[in-house]
Amino acid sequence: MPVAIVTGASRGLGRALATGLAARGWNLVLDARGAGVLEESAEAVRALGARVLAVPGDVTDPGHRAGLVAAARELGGLDLLVNNAAVLGAEPLVPLGSHSLDGFRAALEVNVVAPLGLLQEALPLLRAAPAGAVINLSSEAAAEPFRTWGAYGATKAALDQLSAVLAVEEPGLRVWWVDPGSMRTDMLAAAEPDEDLSGTPAPAEVAPVFLRLVDERPASGRYAAPAFLESR
């Protein structure tokens, strides 16, 4: 059975992706900072018949990243790395002129440095897989200038470029950087607490885009969820 690492898997899109992959016969290594809620997600995924190793910790910690890859090795290898964990840098979001530099540094560590570090740790296993792939979570804010989203968007733009270069440097892998669009998540609620999210898609409604990428394996590149769904 193929094996995936999914970071930020205790809730939202990470949990939805883990559930969808398990239903397709994948075994999983799941990451999140909170051990209790991560174990709840892991139990739900195990109920679908998957082998699941829940590894709580902080993706900015090199030791934790090594532990995630070691867990994948325990399950037999690594076919897919999903860098989903992210932070805003400020909650709620604020204009660049008043954005905390410490918050921005923290967002860079979680949203850019940690995915690269985990990728470097995982590359030997991904290269050895019959069809190794990487999914990096992008954002519309990486490409469009939305007020107050500048710092977060800058981290996602950096991750986009990192992904594009990785696709060139590792032609044997599939590398997809995906803008999921707006989702009804705790992160979006924290970013814009006064926003009405009642009409915003839930993560489970967006997860099929990512699962389709895994199933169909299109060329490496940047994909936007709404447009990708419409192309079916």
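The values are calculated or read from the model by the stated rules, or taken from the named source; none is laboratory data. If you're wondering where the values come from, they're calculated on a predicted model, not measured in any experiment. Here Cβ is always computed from backbone atoms with ideal geometry, including for glycine, and neighbour counts include all displayed protein chains.
Would it be correct to say that G103 is touching a Lys or Arg at 6+ places or on another chain (Cβ under 7 Å), in contact (Cβ under 8 Å) with a residue 40 or more places away in the chain and either part of a loop (DSSP other than H, G, I, E, B) or not aliphatic (A, V, I, L, M) (or both)?
When the stated conditions are applied, G103 does not pass them.
Considering each residue of region 133-167, count those that are closer than 17 Å to A90 by Cα and β-branched (V, I, T), and give that number.
2
Check N136, N111 and return the single one that is in contact with a strand residue (DSSP E or B) (Cβ under 6 Å, 6 or more places away or on another chain) and modelled with pLDDT of 95 or more.
The conditions single out N136.
Please state which one of L68, L96 is of a type in the set (A, V, I, L, M, F, W, C) and surrounded by fewer than 17 Cβ atoms within 10 Å (Cβ to Cβ).
Matching residue, one of L68, L96: L96.
Give the residue, chosen from G36, G117, that is assigned to a helix (DSSP H, G or I), surrounded by fewer than 21 Cβ atoms within 10 Å (Cβ to Cβ) and touching a Lys or Arg at 6+ places or on another chain (Cβ under 7 Å). Quick ask: steps written out before the conclusion?
Working: G36 fails: touching a Lys or Arg at 6+ places or on another chain (Cβ under 7 Å).
Result: G117 is the single residue among G36, G117 that is assigned to a helix (DSSP H, G or I), surrounded by fewer than 21 Cβ atoms within 10 Å (Cβ to Cβ) and touching a Lys or Arg at 6+ places or on another chain (Cβ under 7 Å).
Counting only residues that are part of a loop (DSSP other than H, G, I, E, B), in contact (Cβ under 8 Å) with a residue 60 or more places away in the chain and within 12 Å of L173 (Cβ to Cβ), how many does region 130-145 have?
1
Please count how many residues of region 137-188 are of a type in the set (V, I, T) and within 16 Å of the chain's Cα centre (by Cα).
4
Can you tell me which residue among L30, L53, L75 is farther than 22 Å from L173 by Cβ and crowded, with 18+ Cβ neighbours inside 10 Å?
Every option except L53 fails the conditions.
Name the one entry in L13, L30, L17 that is aliphatic (A, V, I, L, M) and free of Cβ contacts under 8 Å to residues at least 40 places away in the same chain.
Among L13, L30, L17, only L30 is aliphatic (A, V, I, L, M) and free of Cβ contacts under 8 Å to residues at least 40 places away in the same chain.
Of the residues V206, V178, which single one is of a type in the set (A, V, I, L, M) and in contact (Cβ under 8 Å) with a residue 60 or more places away in the chain?
Details: V178 fails: in contact (Cβ under 8 Å) with a residue 60 or more places away in the chain.
From the options V206, V178, the qualifying one is V206.
Please determine, by comparing only the residues of region 221-232 that are within 28 Å of A122 (Cα to Cα) and assigned to a helix (DSSP H, G or I), which one is modelled with the lowest pLDDT.
F228
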